[in-house]
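The values are calculated or read from the model by the stated rules, or taken from the named source; none is laboratory data. Treat the numbers as computed from the prediction; the structure is a model and nothing was measured. Cβ coordinates were reconstructed from backbone atoms using ideal geometry, including for glycine residues, and neighbour counts include every protein chain displayed. Calculation scope for accessible area: heavy atoms of the full protein, side chains included, ligands and nucleic acids excluded. Shrake-Rupley method; radii C 1.70, N 1.55, O 1.52, S 1.80 Å.
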Amino acid sequence: MSEENSNDPSGFDRLRRAAEHVPGAEAALARLAMPLEMRALRLALDRDDGTRTYLPAWRCRYDDALGPTKGGLRFHQGLDAATVERLAFEMTVKCAVMDLPYGGAKGGVRVDPKALSAAERRRLAAAYARAFADTIGPERDVPAPDVGTDAGVMGVIADAYAGATGRHAPGVVTGKPLAAGGIAGREEATGRGAFCLVQQLSQALGLSSVCRVAVQGFGNAGMHMAELLAGTGRRMVAVSDSSATLVCEDGLDLGPVAAAKREGQSLADLDGLGGGRVRDRDAILSLDCDLLVPAALGGAITGANAGGVGARVILELANGPVTGEADTILAERGITVVPDVLANAGGVTVSHFESLQNRQGEAWPEERVRERLSEAMGRCGAAVAELARDCGLTLREAAYVRALERLAAAVAARGC
Ligand code: GLU
């Protein structure tokens, strides 16, 4: 699966089109045509076998008009500078759509995370924190988990940053382990946020309480969302990972499937489990269902396969799973796309709560996190849906208009 598609409109093109609906956005547009800061560094990683590997690493702070820059840190073998910059731009839009007091950023290392031992992963995270210690910081740029990284990596970064700067600063990252100043519910936040959106926009999306759902990518976000949807009576007709699709027309029994995945098994080896039958990996895209949730990497639904999508609604739980070409085809076919900058914003929203918690020296109860997440997703989701309806826009176009309105207002107010 490719992360890049050269025919794709850039996020910036989308913002430029949104400007037709936002008077006075010229200054913001001019500013957002390029990133604020893009750093590329070489990291040295000492392997367990005594050899040393050199790896390219990046951090892009795209824009800080709305606040310190915020966004994930990715370990992935396919990562490059262009992808980091594109994802940093999308974080800028995401934070603006969600009314968060942050700009956007993204970073990462080109490395296969599955090829690292636990000790190598820790050394790599610490090397990244030391190398980028001048870039990141609680009031400057705050990384979080993303593809290939998790709470453990964030804990190491917080520690290495404290070592490099001589200051205890847990707010330098979010998505930390609970014992290191993390927040309850951060791990499920992306999946739960999307679930809240489906609950609260179900009428606008035409999704009933017994709709048929397929989740492509059964990792952290996909699994949490699938479990929450199944828990409210939706029928999970299929889940997939990089090895296979597991299908059950009558609805999978998710419990045993999720348990096996958490133990590290591949779906291809789970034929019969939870009532599911193994089919090929991409079969999930053309299955007849109400809601398809691409929750793996970018570029899953392209111009080549969008014509065969069997769902009525697509919710982008991954970043960038629907290419621009596919977007056009899906719109022509009357398929609604809930865009990533809204659909997967539960993660960064709870990251914000973690920052608040760290600044106040508090530990929020999980119930409070869930309530505030549900409120934020409902409020911002309704605002995007309303804008789409009133202006005759797709949800993605409306999300970009909402983001640009906020960014333009901040640029005008600060004169920056
Ligand atoms: N990596 C997540 C995203 O793409 C979370 C970012 C954050 O919490 O800062 O939205």
For ALA105, the lone unmet condition from (1) among the small types (Gly, Ala, Ser); (2) in contact (Cβ under 8 Å) with a residue 60 or more places away in the chain; (3) within 10 Å of the ligand (Cβ to nearest atom) is (2)
Checked region 359-408 for anything small (Gly, Ala, Ser), in contact with a Gly (Cβ under 9 Å, 6 or more places away or on another chain) and under 21 Å from GLY103 (Cβ atoms); matches are ALA376, ALA408
| Is one or more of the residues making up region 45-53 on the phi > 0 side of the Ramachandran plot and surrounded by fewer than 18 Cβ atoms within 10 Å (Cβ to Cβ)? | yes
If we take region 134-245, then helices (runs of 4 or more DSSP H) inside it with 3 or more residues that are at pLDDT 95 or above are 151-165, 189-200, 220-231
- Would it be correct to say that PRO68 is open to solvent by 10 Å² or more (accessible area, probe 1.4 Å), touching a Leu at 6+ places or on another chain (Cβ under 7 Å) and within 16 Å of the ligand (Cβ to nearest atom)? no
Exception for GLY219 within (1) open to solvent by less than 10 Å² (accessible area, probe 1.4 Å); (2) within 30 Å of ALA129 (Cα to Cα); (3) not aliphatic (A, V, I, L, M) falls at (1)
ALA81 fails exactly one of (1) among the aliphatic types (A, V, I, L, M); (2) touching a helix residue (DSSP H, G or I) at 6+ places or on another chain (Cβ under 8 Å); (3) surrounded by fewer than 24 Cβ atoms within 10 Å (Cβ to Cβ), namely (2)
Could you go through region 139-159 and let me know if any residue there is open to solvent by less than 10 Å² (accessible area, probe 1.4 Å) and either more than 14 Å from the ligand (Cβ to nearest atom) or acidic (Asp, Glu) (or both).
yes
The condition from (1) touching a Pro at 6+ places or on another chain (Cβ under 9 Å); (2) under 22 Å from ILE183 (Cα atoms) that ALA125 misses is numbered (1)
Checked region 230-248 for anything surrounded by fewer than 15 Cβ atoms within 10 Å (Cβ to Cβ) and touching a residue at least 12 places away in the same chain (Cβ under 8 Å); matches are THR232, GLY233, SER242
Within region 77-95, residues within 13 Å of the ligand (Cβ to nearest atom) and either over 13 Å from the mean Cα position of the chain (by Cα) or not acidic (Asp, Glu) (or both) come out as THR83, VAL84, ARG86, LEU87, ALA88, PHE89, MET91, THR92, VAL93, LYS94, CYS95
Selection from region 114-157 of residues under 18 Å from the mean Cα position of the chain (by Cα) and farther than 22 Å from GLY191 by Cα yields ASP141
Of all helices (runs of 4 or more DSSP H) fully inside region 302-416, the set with 1 or more residues that are away from the ligand (no atom under 16 Å from the Cβ), open to solvent by 40 Å² or more (accessible area, probe 1.4 Å) and within 30 Å of ALA238 (Cβ to Cβ) is 324-332, 366-391, 395-414
ASP99 being surrounded by fewer than 24 Cβ atoms within 10 Å (Cβ to Cβ), closer than 30 Å to LEU395 by Cβ and away from the ligand (no atom under 12 Å from the Cβ) = yes
- Answer with yes or no whether ARG74 is touching a residue at least 24 places away in the same chain (Cβ under 8 Å) and either within 12 Å of the ligand (Cβ to nearest atom) or open to solvent by 60 Å² or more (accessible area, probe 1.4 Å) (or both). yes
